Amino acid sequence: MKIYNSLTRSKDEFVPNEQGKVSMYTCGPTVYHYAHIGNLRSYIMEDVLEKYLRFSGYDVKRVMNITDVGHLTSDGDTGDDKMLKGAKREHKTVMEIAKFYTDAFFEDCRKLNIKRPDVVEPATGCIDEFIKVISSLIEKGYAYEAGGNIYFDTSKLNQYYVFNDFKEEDLAVGVREGVEEDSNKRNKADFVLWFTKSKFEDQELKWDSPWGVGYPGWHIECSCISMKHLGEQLDIHCGGIDNAFPHHTNEIAQSEAYLGHKWCNYWFHVHHLNTNSGKMSKSSGEFLTVSLLEEKGYDPLVYRFFCLLSHYRKSLVFSYENLDNAAVSYNKLTAKIAAVLKDASGEVDKEAYDRLMKGFTDALDNDINTAQAITSLYDVLRDGTNGATKIALIKEFDKVLSLGLVEAAEKINAAPETEELPAEVLELAEQRKAARKEKNFALADELRDKITALGYVVEETRQGTRITKK
Ligand code: AMP
Ligand code: ZN
């Protein structure tokens, strides 16, 4: 199996440290708001990676942090604390906000068939670990105290910029327009390990430390939580591409300085989901969530399908038109599987099974090419082999793709034949379809009410709109 490794900038053969076992770490969400569907693109693609490793026979242990302290509105050391901002916005405590949005995140994951990692660890539960590692970095000469904060000294490393050839002058942190440079730093690239007095008087979550009452920086969380559960050697670290710098660069700097040896071998970065107006973010532009898609009648698994149709290393543009196209393809696909299911008796043909399975594994062995893996699904449906073989293959593929394919097909087969609808209802349904296409949701809702008033129920199903008599 080959995966692209941001560290070597090439597709590398995947060889874990320990035969048959994989340690995998994922940067979890910052729980000050709902996850947007861009965040969830990253988690969907990482889920496919994890499931494919398991499918290939590896015993995977996956760890994810929950960032409930330390992440500022910039990815560096400037701006406000995101959690504090969220708490103020909603007039709640930081811990209430963290609990609410952590639960909301896992609920979105459940709807998208994203498996929960084996270990989920909130940053606020690991303060002792952070203090231990920061103390050791100070002792080893990699960290210093200035203005009350503890900074990592990047000049102590042979190579700090491991993913890209950044130049110090180009470095955004501390030199962005309108952002004051932190005069405590010895080098521009240095970053905070522990904040004390220089930040926020009103910081809600504070802990005692050898350097005064304060709280950890964001980057140290992931290094410590990973080492706590996965030890000194990590096989794969995942995250969205925006995390490569500075977050992952800083994780590597402090982890390797602390350990005195190489830490993580493979870096898996998912590229962004964008809208036509640019990168999707929680703080700007239209905030698209799974619940919003559901409100508009989309099945969350259609969004998962939409993501799998593109390679994780290409940025992906979201539009309702693109999502509609994915919905049409998903419905056709499940309808085809439903037809095969009606006659899936008989024995599995081993030759056909192995041949078609190879198409699927070849696709995913080649840097998790999910689009190609979906093509191999259509190859199964087109093949001359019998229904039993096809269904056996589709069930196996779906252990990785998690698109609920057979379940959706079973539902189609179980649904009663569509009843005859009166012309008036059909006309209103057509108008509603057109309104939805034009994103005129207010009109679409009005038309639905009219249909309801005529004694019919309108439901959005995975197979499209279903209208039945009350
Ligand atoms: P956050 O909750 O901001 O810490 O981000 C959670 C995850 O989503 C991280 O792995 C980010 O790199 C990733 N991410 C953020 N924005 C996007 C986007 N527009 N598309 C894909 N992934 C993203
Ligand atoms: Zn992280």
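The values are calculated or read from the model by the stated rules, or taken from the named source; none is laboratory data. If you're wondering where the values come from, they're calculated on a predicted model, not measured in any experiment. Cβ: placed from backbone, ideal geometry, glycine included. Neighbour counts: every protein chain shown. Accessible surface is based on the protein model in full, side chains and every heavy atom, while ligands, DNA and RNA are left aside. Shrake-Rupley method; radii C 1.70, N 1.55, O 1.52, S 1.80 Å.
Could you run through region 6-25 and say how many residues are within 16 Å of ligand 2 (Cβ to nearest atom) and either over 13 Å from the mean Cα position of the chain (by Cα) or small (G, A, S) (or both)?
Adding up the residues that qualify gives 4.
Among the residues of region 364-386, those that are part of a helix (DSSP H, G or I) and open to solvent by less than 10 Å² (accessible area, probe 1.4 Å) comprise L364, T370, A373, I374, S376, L377, V380. Counting only residues that are in a strand (DSSP E or B), at pLDDT 85 or above and open to solvent by 60 Å² or more (accessible area, probe 1.4 Å), region 446-461 holds 0 of them. Within the span defined as region 65-72, every residue fails to be away from ligand 2 (no atom under 16 Å from the Cβ), touching a residue at least 24 places away in the same chain (Cβ under 8 Å) and acidic (D, E). Scanning region 201-226 for residues that are among the acidic types (D, E), away from ligand 1 (no atom under 16 Å from the Cβ) and farther than 17 Å from I138 by Cβ gives E201, D202, E204. For region 162-216, filtering for residues that are more than 30 Å from E96 (Cβ to Cβ), of a type in the set (G, A, S) and at pLDDT below 90 leaves 4.
Check region 374-387 and report whether any residue there is among the acidic types (D, E) and farther than 14 Å from E50 by Cα. Taking every residue of region 374-387 in turn, at least one turns out to be among the acidic types (D, E) and farther than 14 Å from E50 by Cα. One residue is enough: does region 227-242 have a residue meeting the conditions more than 24 Å from E13 (Cα to Cα), surrounded by 22 or more Cβ atoms within 10 Å (Cβ to Cβ), within 16 Å of ligand 1 (Cβ to nearest atom) and at pLDDT 95 or above? Taking every residue of region 227-242 in turn, none turns out to be more than 24 Å from E13 (Cα to Cα), surrounded by 22 or more Cβ atoms within 10 Å (Cβ to Cβ), within 16 Å of ligand 1 (Cβ to nearest atom) and at pLDDT 95 or above. Looking only at residues of region 6-16 that are out of contact with any Asp or Glu (no Cβ under 6 Å at 6 or more places or on another chain) and more than 16 Å from ligand 1 (Cβ to nearest atom), we find that the one that is nearest to A123 (Cα to Cα) is L7.
Taking the numbered list (1) away from ligand 1 (no atom under 16 Å from the Cβ); (2) among the acidic types (D, E); (3) open to solvent by less than 20 Å² (accessible area, probe 1.4 Å) in turn, D81 passes all entries but (1). Would you call F306 open to solvent by 20 Å² or more (accessible area, probe 1.4 Å) and farther than 20 Å from I3 by Cβ? Against the criterion (open to solvent by 20 Å² or more (accessible area, probe 1.4 Å) and farther than 20 Å from I3 by Cβ), F306 does not qualify. Criterion applied to N250, N265 was being within 16 Å of ligand 1 (Cβ to nearest atom) and touching a residue at least 12 places away in the same chain (Cβ under 8 Å), and the one residue passing it is N250. Can you tell me how many residues within region 407-429 are part of a helix (DSSP H, G or I), open to solvent by 10 Å² or more (accessible area, probe 1.4 Å) and closer than 13 Å to A338 by Cβ? The total comes to 6. Which residues, counting only those in region 121-165, are under 24 Å from N243 (Cβ atoms), open to solvent by 40 Å² or more (accessible area, probe 1.4 Å) and assigned to a strand (DSSP E or B)? Selection gives P122 alone.
When A444 is tested against (1) without any contact (Cβ under 8 Å) to a residue 24 or more places away in the chain; (2) among the aliphatic types (A, V, I, L, M); (3) over 26 Å from R304 (Cβ atoms), just one condition goes unmet, and that condition is (3).
If you take the residues of region 95-119 that are open to solvent by 40 Å² or more (accessible area, probe 1.4 Å) and not in a loop (DSSP other than H, G, I, E, B), which of them is farthest from K228 (Cα to Cα)? Before the answer, list the steps.
Pass one, region 95-119, residues open to solvent by 40 Å² or more (accessible area, probe 1.4 Å): 95-96, 99-100, 103, 107, 110-111, 113, 115-116, 118.
If we keep only those that are not in a loop (DSSP other than H, G, I, E, B) too, we end up with 95-96, 99-100, 103, 107, 110-111.
Details: M95: 23, E96: 26, K99: 22, F100: 25, D103: 23, E107: 26, R110: 26, K111: 30 Å.
Going through the qualifying residues, I end up with K111.
May I ask you to verify whether G28 is closer than 20 Å to F268 by Cβ, more than 16 Å from ligand 2 (Cβ to nearest atom) and among the small types (G, A, S)? In short, no. Of the listed requirements (1) at pLDDT 95 or above; (2) among the charged types (D, E, K, R); (3) part of a helix (DSSP H, G or I); (4) open to solvent by 50 Å² or more (accessible area, probe 1.4 Å), K390 misses just one: (4).
Listed here are the residues, each with its yes/no results for (1) surrounded by 15 or more Cβ atoms within 10 Å (Cβ to Cβ); (2) closer than 30 Å to E13 by Cβ.
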residue	(1), (2)
V290	yes, no
V317	no, no
N331	yes, no
A338	yes, no
Y353	yes, yes
L356	yes, yes
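For region 95-109, the condition of being over 18 Å from the mean Cα position of the chain (by Cα) and farther than 30 Å from P300 by Cα holds for none of the residues.
Being open to solvent by 50 Å² or more (accessible area, probe 1.4 Å) and either in contact (Cβ under 8 Å) with a residue 40 or more places away in the chain or within 23 Å of Y43 (Cα to Cα) (or both) is a property that does not hold for K92. Candidates K439, K395, K469: the one that is surrounded by fewer than 15 Cβ atoms within 10 Å (Cβ to Cβ) and under 30 Å from S345 (Cβ atoms) is K395.
Does any residue of region 50-63 turn out to be more than 16 Å from ligand 2 (Cβ to nearest atom), buried (at least 21 other Cβ atoms within 10 Å of the Cβ) and under 14 Å from the mean Cα position of the chain (by Cα)? The answer is yes; a qualifying residue exists. Against the numbered list (1) open to solvent by less than 30 Å² (accessible area, probe 1.4 Å); (2) within 16 Å of ligand 2 (Cβ to nearest atom), Y258 comes up short only at (1).
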